[in-house]
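Taking it in order: structure first as structure tokens, then the write-up.
Coordinate-derived values only; no laboratory data. These numbers were taken from a predicted model, which means no experiment stands behind them. Quick reminder, even Gly has a Cβ in these numbers, built from the backbone with ideal geometry, and neighbours come from all protein chains shown.
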Amino acid sequence: MDLSTWITHTQARIAALPSSAERASAWARVAHSLALADLASAPPGITTDAIWVEPAMAWTLDDLDDAGVPRRTVNLLPLAPGDEHDALAACLRRLISTLSENDPLAPLAVVDACATAAGRASTAFARLTGTLP
Amino acid sequence: MNRAQRATHRGMATIASTAFPNADTARDALTARMTLLSSIARHAAAVIGPVRTSTWQIRPPARRGVEARTAHVRAIVAWLDALTAHAADAPPPPTSGVQDLGQVAQEWTRARELVQAASDLVRTHHLPGGALRSGAPHALADTDYTALLAPAIALTLAVSSQEPLALRCRQAGMSRCEVDQWLPLGDPLSDLAATVGRTIRFDASPLTHLTAAGAPVHTGDLAVEWQQRTDRIRQRLTLGAARGQVNVRTLHDIASLALVTTHVLATSGRHPTAQSARMTDLWRLQLAHLAPLRSIAPADRTIRSDVERLIHLAHPSTTERHPQLRAKLLAAIDHSTRTLDDCAAVADRLLGTGVDAWIPGTPRRAYLQDPCPPGTRARRPPPPPGSWPRLAQASPRTPGWSLN
């Protein structure tokens with residue numbers, strides 16, 4: 001499956017989630033999975049820039065879980081080999097955009113977690129792509 | 001805080017049993033009461049932290065705006081506002097000696113000094129900007145401040161009652177107008193403190209076990225900071241393992257740090273390529289194994305913040321304009337491999353003998369009946385893919401190395 005179709009499909013699935021915090025958690029989980037896949041698909045003995053992204057996404061998921069954001073199942077379609085890096089960058093960009101959404105009904109703990117996650121995601125994007133989000 | 005409570009109660013007992021000899025002694029007692037309340041306000045603000053205090057005090061933007069704060073938070077905010085109002089009206093502490101004051105004023109002045117000492121103790125764990133320092137105890141990082149605020153609320157309840165004090169002041173010769181200025185009718189402080197008190201448990205306060213913060217990490221020198229943080233990670237991991245309080249998420253953080261360290265040392269040419277490649281593959285397997293695991297014990301926030309800072313330091317962009325700093329940092333990273341190997345040995349022991357690790361169950365569709373209560377479905381993780389690799393094995397300790 002080509003990258004643009006995969007992103008469109010994933011975005012449609014995640015957009016169906018009820019709150020911005022849950023959508024951010026879903027994007028973070030997709031990004032974390034892509035980072036692990038990017039590391040696993042690298043040639044033996046080689047690491048990719050995903051080593052800077054994977055821990056940030058893991059911490060983001062932990063913070064959102066601790067804040068009480070429920071995890072939702074998002075079924076992803078298989079991605080073409082070699083597209084993990086570009087898909088990861090696209091997911092991080094959408095994660096940052098979702099974390100920037102204002103939700104007046106969100107508890108303060110979720111607001112704190114999203115604010116921290118936005119900073120981590122921006123840093124991870126810069127380290128992955130070398131550019132600002 | 002316990003000693004402050006005892007001093008406050010001695011003052012109240014003195015009011016109940018003994019009259020003020022004159023109006024000046026009564027005014028000294030009133031001054032001491034106001035300064036004690038202001039110190040309690042500062043103590044509560046220090047415990048909660050300036051950042052969270054300002055966040056809690058944000059009002060909804062419009063009259064019909066959604067109130068997102070819980071009732072407990074609103075009660076604490078109302079109590080803090082009432083205390084702050086008293087703090088704003090409090091006169092400066094008396095400059096004369098404490099022994100010249102009456103018995104009640106002496107006890108309450110002593111209580112104020114003890115509360116200020118407790119506030120200073122709490123502030124040693126905060127950065128100048130208000131955020132918690134990375135080595136702060138978990139009790140201060142917990143957003144449920146009930147146990148930490150209980151002594152302050154008890155103090156407020158003890159000293160906020162007006163009637164016995166107002167009667168003694170009138171008895172000493174103070175006019176009703178002056179007494180009403182010091183002790184206004186309808187002061188809600190006592191009711192607000194009682195409202196907050198009804199929502200908390202008056203257990204033994206963890207503040208009694210709080211000590212002054214240790215020496216901060218030296219952030220002026222990247223190499224020294226790297227060494228101090230890695231030493232602190234090893235120390236906390238070993239201590240947590242001895243207490244049986246290590247979360248697999250903490251082990252995942254350490255594995256991430258080890259993978260980054262391997263990557264940095266390999267790209268800097270410090271370690272041989274073949275051994276670095278083998279190390280990288282082993283760490284990738286460990287990371288993939290740890291990624292989905294969860295455990296009951298909470299993740300160590302101090303270790304996590306240290307790992308986050310160390311990964312930030314290790315990134316080339318941090319020192320790209322300072323080659324000499326990068327060289328010193330690489331030497332410190334290479335020197336820290338033995339410390340990380342000690343952490344790997346602890347992790348091997350925990351993963352091999354611990355049972356506090358599982359993979360959470362996948363959330364099921366809402367239309368499917370699930371006999372298990374939410375959050376209880378889990379499955380046993382697969383066995384680990386082998387022992388954690390030792391970074392020091394990959395280092396030939398060659399005298400020369402190249403910069404990244």
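Averaging Cα coordinates gives a centre for region A:80-122 and one for region A:2-65; these two points are 10 Å apart. Ranked by the mean number of other Cβ atoms within 10 Å of their residues, highest first, the peptides A:68-78, B:152-162 fall in the order B:152-162, A:68-78. For peptide B:181-191, the mean count of partner chain Cβ atoms within 10 Å of a residue's Cβ comes to 0. Using only side-chain charges placed at the Cβ, +1 for Lys and Arg and -1 for Asp and Glu, the dipole size of region A:1-79 relative to its Cα centre rounds to 320 debye.
Most tightly packed first, judged by the mean number of other beta-carbon atoms within 10 Å of their residues, the peptides B:282-288, B:231-237 read B:282-288, B:231-237. Shielding of peptide A:40-53 by partners, expressed as the average count of other chain Cβ atoms within 10 Å per residue Cβ, is 5. Legend: mean number of C-beta atoms from other chains within 10 angstrom of residue C-beta atoms, peptide A:103-112, equals 3. Summed over qualifying helices (DSSP H, 4 residues or more, each -39500 (n - 2.57)) and divided by its residue number, chain A shows a 222 nm mean residue ellipticity of -21500 deg cm²/dmol.
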